[in-house]
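The values are calculated or read from the model by the stated rules, or taken from the named source; none is laboratory data. What you see is a predicted model; the values in this text were computed from it and never measured. FYI the Cβ positions are ideal-geometry reconstructions off the backbone, even for glycines, and counts take in every protein chain you see. Side chains are part of the model used for accessible areas, which takes the heavy atoms of the whole protein and leaves out ligands, DNA and RNA. Shrake-Rupley method; radii C 1.70, N 1.55, O 1.52, S 1.80 Å.
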Amino acid sequence: MKTSSIIAAIACTSASAFAPASTARQNTALNLKVGETAPDFALEDQNGKTFKRSAAKKPLVVYFYPADSTPGCTVQAKAFQEEIQSIRKEFKADVVGISGQGAESKQKFAQELGLDFSILADEKDAVRKEFGVPKAAFGFLPGRVTYVLDKDGVCTSVYDNLGDAASHIVKAKEALAEMKPAKKAGFTLPF
């Protein structure tokens, strides 16, 4: 009996190993949808400071990632770091990353990469659950989802893609650009 259970387990895991990898956006049941107000939360960042979502009175990119110091998450954090100054200057927005490791892990990760934005410790995944971030990789990994919120905390964009970590910055900037008010035509007097 044990032998047949082991063989069945190996067969199931082997079959999934040959399944085609997909980096396309998956259609998942996300709890936070475009047009809804994001849950309020307060989490500790890598510097021991508490970040509260409702205190951010500007557009905010909230990205959930699986774990600190892993290859994909490092790529994603570096991509956001490369664009953080332009996000702040051009869109008057900010960025926070959230995963389930503690503040000590966040501090190490931020120092390794020289991050100039907050990464927040959601140790019991309470905020991840409030946002409804789905699990990835057949439920084995925490998902990688980016939300763009306007200055009132209303969700304007949701991007879910575990496989292409770097694409999250592109999608976030596109969403921020859509929120940016259009410049008025004509000219203004200098006085």
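Near residue 151, no amide H atom lies under 5 Å from its own; only residues 5 or more places off or on other chains count, and H is placed 1.01 Å from N.
Within straight-line reach of residue 173, meaning a Cα separation under 16 Å, sit the following lysines at least 8 residues removed in sequence or on another chain: 58, 78, 89, 92, 151.
The aspartates and glutamates whose alpha-carbon is closer than 20 Å to the alpha-carbon of residue 135, local same-chain residues fewer than 8 away aside, are 68, 122, 123, 125, 160, 164.
Comparing 154, 165, 72 along the charge dipole axis of the range 33-191, the residue lying farthest to the positive side is 154, per the Cβ-charge model.
Remark: the range 54-68, residue by residue, has Karplus-estimated 3J(HN,Hα) of 5, 7, 7, 9, 8, x, 9, 9, 10, 10, 9, 9, x, 6, 5 Hz, where x stands for each Gly or Pro and the curve is 6.51 cos²θ - 1.76 cosθ + 1.60 at θ = phi - 60°.
Proximity of backbone amide H atoms, modeled 1.01 Å from N, is registered between residue 37 and 155 at under 5 Å, excluding neighbours fewer than 5 places apart on the same chain.
Backbone phi angles across the range 88-104, fed through the Karplus curve with coefficients 6.51, -1.76 and 1.60 (θ = phi - 60°), yield HN-Hα couplings of 5, 6, 6, 10, 6, 10, 9, 10, 9, x, 9, 8, x, 7, x, 4, 5 Hz in residue order; Gly and Pro are listed as x. Over the C-alpha trace of the range 44-91, radius of gyration and Dmax come out as 12.3, 32 angstrom. In units of the rule-of-thumb radius 2.2 N^0.38 Å, the range 77-120 shows an alpha carbon radius of gyration of 1.16.
Note on the range 63-191: Kirkwood hydrodynamic radius from all Cα pairs is 15.6 Å, rounded to one decimal.
Two decimals is fine: what is log10 I(q)/I(0) at q = 0.14, 0.28 Å⁻¹ for the range 79-152, from a Debye sum with one equal scatterer on every Cα and no solvent? Cα-only, vacuum Debye calculation for the range 79-152: -0.53, -1.29. Please give the FRET efficiency for residue 180 paired with residue 111, using the beta carbon to beta carbon distance and R0 = 25 Å, rounded to the nearest 0.05. So, using R0 = 25 Å, E works out to roughly 0.20. Charge tally around residue 151: other residues with Cβ under 11 Å, Lys/Arg +1 each, Asp/Glu -1 each, net 0. Accessible area per residue for the range 78-136, computed on protein heavy atoms with a 1.4 Å probe, is 49 Å².
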